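In what follows, a single structure is set out as structure tokens and then discussed.
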Amino acid sequence: MLAAAHEMNEQQFLFLQQLLTDRTGIRFRGRDHLAIKLSRRLRCLGLSDYDRYIALIRREPDELAHAIEAVTTNETFFFRDAIHFSALEQYMGKQFDAKREFKIWSAASSSGEEAYSIAMTVHAWAAARGLPLHTLKITGSDIDRSVLRHAVEGIYHRWQIERTPADYRTFLLRHLEQGGEDFFSIKPHIRSMVRFKRFNLTEPIPFIGTLDVIFCRNVFMYFSQDLRNEIFTGMHRALKPGGLLVMGLCEPLPASLLLGFTSMGHAMYVKTE
Ligand SMILES: C[S@@+](CC[C@H](N)C(=O)[O-])C[C@H]1O[C@@H](n2cnc3c(N)ncnc32)[C@H](O)[C@@H]1O
């Protein structure tokens, strides 16, 4: 009965699609895709149809943020695509200079697992060499406020830990403390290395030539080619010469975009000019 009440007609689809694609860059596969994503929100509000929802979204500016939370895909886990974390260690070996800040941006960090995996990796690397840690600065950002709240909190359920690649599980557990039977929190020495903030990748990237590493993984697939090109240009500008860009393994850059980068394989790129 509920599913029938939440059917979306073409006019409703066109309005919501345009609004949400404009704000997030996310493209929808069609009416059903968007209706499935939003119907939970309608149920949560006790609304029976999309006309009422559209009236609400026009009336209440804050509802747009909830709609954005409903349409994002936040799938992530600790040490996802582990090859990128071993590559980060190697990169640190070549580029880290204890006399200056080393800045890393996790550009679609979801609930924080990626940014904390980065922090654990660089922490272990620097600590093993007796190098100072205060110069390591990690920023995680996302468009979705609810996942950012989770990231800041830094508390994860057992099942979120169990998804970690087996080789990294013991390492991860060293940086977590158990709080209750099923929950683990990030220990303060890692938590303090990362700050989180809201950032929408459709907006101009504010950094210019100041970043050492950018992780931008598993988000390009939702964007149009034009938006990908724009973000990619912004990321090139944001990196220092020699900076490292890490994309999702399923989102390698087309050769036409590689000007100014050298490919390192596995969807990683070093800025050459
Ligand atoms: C699939 S998760 C990827 C998380 C992590 N990077 C990883 O690879 O595990 C994609 C994230 O991109 C975020 N996202 C989608 N559109 C965005 C936008 N326009 N600006 C910033 N973040 C966005 C979503 O909220 C979601 O948390």
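The values are calculated or read from the model by the stated rules, or taken from the named source; none is laboratory data. Bear in mind that the values here come from a model prediction, so they are computed numbers and not experimental data. Note: ideal-geometry Cβ built from the backbone for every residue, glycine included; neighbour counts use all protein chains shown. Just the protein is used for accessible areas: all its heavy atoms, side chains included, with ligands, DNA and RNA removed. Shrake-Rupley method; radii C 1.70, N 1.55, O 1.52, S 1.80 Å.
Working from the pairwise distances between different alpha carbons, so that the mean of 1/r is found and then inverted, what is segment 2-71's Kirkwood radius in Å?
11.9
Can you pick out the pairs among K94/K197; K94/K137; K37/K137; K137/K240; K187/K271 whose Cα atoms lie more than 24 Å from each other?
K94/K197; K37/K137; K187/K271
Percent antiparallel among DSSP beta bridges with both residues in the chain, to the nearest 5?
The antiparallel fraction comes to roughly 40 percent.
Skip the ligands, DNA and RNA, and give the accessible area per residue of the chain with a 1.4 Å probe, whole Å².
49
Over segment 161-267, calculate the relative contact order: mean separation of alpha carbon pairs under 8 Å at least 6 apart, over the residue count, as a percent.
In percent, rounded to a whole number, it is 23.
For segment 2-71, what's the relative contact order in percent, using C-alpha pairs closer than 8 Å and at least 6 residues apart?
Worked out over segment 2-71, it gives 39 percent.
Compute the convex hull volume of the Cα atoms of segment 134-215, divide it by the residue count, and report the result per residue in Å³ as a whole number.
126
Percent relative contact order of the chain, based on C-alpha pairs within less than 8 angstrom and at least six residues apart?
17 percent.
Rounded to the nearest 500 deg cm²/dmol, what is the calculated helix-only ellipticity per residue at 222 nm for the chain, with -39500 (n - 2.57) per DSSP H run of length n ≥ 4?
-13500 deg cm²/dmol
Report the semi-axes of the equivalent ellipsoid for segment 131-176 in whole Å, largest first, where each axis is √(5λ) for an eigenvalue λ of the Cα gyration tensor.
After diagonalising the Cα gyration tensor, the semi-axes are 21, 20, 9 Å.
Please compute the net charge surrounding I104, taking Lys and Arg as +1 and Asp and Glu as -1 over other residues with Cβ under 12 Å from its Cβ.
+1
Could you please state how large a percent of the accessible area of the chain is carbon and sulfur, counting protein chains only and using a 1.4 Å probe?
Carbon and sulfur: 53 percent of the exposed surface of the chain.
When the scattering of segment 83-271 is computed by the Debye formula from its Cα atoms alone, each counted once and equally, what is log10 I(q)/I(0) at q = 0.11, 0.12, 0.15 Å⁻¹?
-0.48, -0.57, -0.90
Would you mind giving the three semi-axes, in whole Å and largest first, of the ellipsoid equivalent to segment 67-155 according to its Cα gyration tensor?
Working from the Cα gyration tensor, I get semi-axes of 27, 13, 11 Å.
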